[in-house]
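For reference, the structure discussed in these notes is given below.
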Amino acid sequence: MEIQEKKLKIEAEDLRDLLGSNDQNLLMIENKFQSTFIIRGENLIIRGNPNEVKVIEKVINELIYILHRSGTLNINDVSTVLGLVDSNNTNGSQKTYDTSNIIYSGIKETIKIRSQKQREYFEKVQNNDLVFAIGPAGTGKTFLAVAMALASLKKNEVSKIILSRPAVEAGESLGFLPGDLTENLDPYLKPLTDALFYMLSSDKLKNYMEKGIIEIIPLAYMRGRTLNNSFIILDEAQNATVTQMKMFLTRLGSNSKAVITGDITQIDLDRKENSGLINANKLLQHIDGIEFVYFSEKDVVRHKLVAEIIKAYENEYQEKENGHNNWKDNE
């Protein structure tokens, strides 16, 4: 993909007003596009796709024109100009397309709803602050959650994305693996970073993480925090204990949304009954604002063999569960 770097020289006073308080104006523009922004002295450097860089340059010039005309520039001015970008893209000479299935326009492809179950998932996340997505691998639970989080950030509905996973050991102790703690945790968090790299350029993701706009952290590091104005994703939640799940759910602050994903047939805890996902599925069913979405092997969107593999393992799981229950009944 061709990358262009454009340097815009802006007077110091204009640049200060353009950036806004705590850089809020620039962040709003940055969230709108895939390109990255660097401030060096009186230069604003834009780096990205050449066509997008041209659009951003027009946006910057229009905002500076508004600033010179009125003497001030506020967040509503920025929102209005960015809204005109959308209007021009859909009402100009170009063809218009059905956008009802589009969740997020990523750097590699547009992320779309691909099944009725995914539509149910999308709509429940839009309309509720807490959604549990339970089902097998390959159904798009985590991938779509990341896409929805990025879309929410792009629309400035939240100012931060937090992605978390429980770091459950599977045969190897973190303490005995080579490298420091960060390197040891990378394998646990990689599925989340893979999804982000699919939707964002490496420069954009690095920029977001350096600014703390996107955080990827182990579940244990969430204790003691209150997460406001954030889109929070807890992945592999079947491996969170009941105590950890309660801790996570009580982190939710004002203007925040959380999506919890997991597969109750893939629990790596020593005792499956300790799974916080199973416990939450029993306790939280009838609370307003909390919704559950259940995926099955029929909703798998990977290779067709994946659905068959999942079905075979689920059948074995059900047989074991039935045998366990029968043994308890005969006690």
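The values are calculated or read from the model by the stated rules, or taken from the named source; none is laboratory data. On a predicted model such as this, the values are computed, not experimentally measured, just so you know. No Cβ is skipped: glycine too gets one built from the backbone with ideal geometry, and neighbour counts run over all protein chains shown. Remember, those area values only see protein heavy atoms, side chains included, never the ligands or the DNA or RNA. Shrake-Rupley method; radii C 1.70, N 1.55, O 1.52, S 1.80 Å.
Being open to solvent by 30 Å² or more (accessible area, probe 1.4 Å) and more than 30 Å from residue 22 (Cβ to Cβ), is that true of even one residue in segment 219-229? Can you show your working first?
Keep residues of segment 219-229 that are open to solvent by 30 Å² or more (accessible area, probe 1.4 Å), which gives 220-221, 223-226, 228-229.
If we keep only those that are more than 30 Å from residue 22 (Cβ to Cβ) as well, we get none.
Checked against the condition, which is being open to solvent by 30 Å² or more (accessible area, probe 1.4 Å) and more than 30 Å from residue 22 (Cβ to Cβ), segment 219-229 yields no hits at all.
So, residue 64, is that one out of contact with any Cys (no Cβ under 6 Å at 6 or more places or on another chain) and within 30 Å of residue 109 (Cβ to Cβ) or not? Give the derivation first.
Details: out of contact with any Cys (no Cβ under 6 Å at 6 or more places or on another chain): yes; within 30 Å of residue 109 (Cβ to Cβ): no.
Spelling it out, it is not the case that residue 64 is out of contact with any Cys (no Cβ under 6 Å at 6 or more places or on another chain) and within 30 Å of residue 109 (Cβ to Cβ).
Can you go through 16, 40, 47 and tell me which one is of a type in the set (D, E, K, R), modelled with pLDDT of 90 or more and buried (at least 17 other Cβ atoms within 10 Å of the Cβ)?
Values: 16 fails: buried (at least 17 other Cβ atoms within 10 Å of the Cβ); 40 fails: buried (at least 17 other Cβ atoms within 10 Å of the Cβ).
Selected residue: 47, the only one of 16, 40, 47 that is of a type in the set (D, E, K, R), modelled with pLDDT of 90 or more and buried (at least 17 other Cβ atoms within 10 Å of the Cβ).
Among (1) part of a helix (DSSP H, G or I); (2) modelled with pLDDT under 90; (3) farther than 17 Å from residue 154 by Cα, there is one condition residue 54 misses while meeting the rest; what is its number?
For residue 54, the exception is condition (2).
Looking at residue 200, is it at pLDDT 90 or above and under 23 Å from residue 105 (Cα atoms)? Step through it out loud before you land on a result.
Values: at pLDDT 90 or above: yes; under 23 Å from residue 105 (Cα atoms): yes.
Answer is yes for this residue.
Look through segment 117-146, keep the residues that are crowded, with 24+ Cβ neighbours inside 10 Å and among the small types (Gly, Ala, Ser), and return whichever of them is farthest from residue 295 (Cα to Cα).
Step by step, filter segment 117-146, then rank; the result is 145.
Quick one: which residue in 111, 107 is assigned to a loop (DSSP other than H, G, I, E, B), touching a Ser or Thr at 6+ places or on another chain (Cβ under 8 Å), modelled with pLDDT under 90 and under 22 Å from residue 148 (Cβ atoms)? Break it down stepwise before answering.
Working: 111 fails: assigned to a loop (DSSP other than H, G, I, E, B).
Just one listed residue meets the conditions, 107.
Applying the selection to segment 197-211, what residues are closer than 11 Å to residue 48 by Cα, open to solvent by less than 30 Å² (accessible area, probe 1.4 Å) and assigned to a helix (DSSP H, G or I)?
Within segment 197-211, just 204 meets the criteria.
List pairs: first residue in segment 190-219 and under 19 Å from residue 236 (Cα atoms), second residue open to solvent by 30 Å² or more (accessible area, probe 1.4 Å) and among the hydroxyl-bearing types (Ser, Thr, Tyr) anywhere in the structure, Cβ distance under 9 angstrom, at least six positions apart or on different chains.
Every condition considered, the pairs that remain are 216/193; 218/188.
I need the full set of residues from segment 233-290 which are open to solvent by 30 Å² or more (accessible area, probe 1.4 Å), in a helix (DSSP H, G or I) and in contact (Cβ under 8 Å) with a residue 60 or more places away in the chain, in order please.
244, 249, 281
So is residue 35 open to solvent by less than 10 Å² (accessible area, probe 1.4 Å), touching a residue at least 60 places away in the same chain (Cβ under 8 Å) and either within 25 Å of residue 3 (Cβ to Cβ) or not charged (D, E, K, R) (or both) or not?
Values: open to solvent by less than 10 Å² (accessible area, probe 1.4 Å): yes; touching a residue at least 60 places away in the same chain (Cβ under 8 Å): yes; either within 25 Å of residue 3 (Cβ to Cβ) or not charged (D, E, K, R) (or both): yes.
Against the criterion (open to solvent by less than 10 Å² (accessible area, probe 1.4 Å), touching a residue at least 60 places away in the same chain (Cβ under 8 Å) and either within 25 Å of residue 3 (Cβ to Cβ) or not charged (D, E, K, R) (or both)), residue 35 qualifies.
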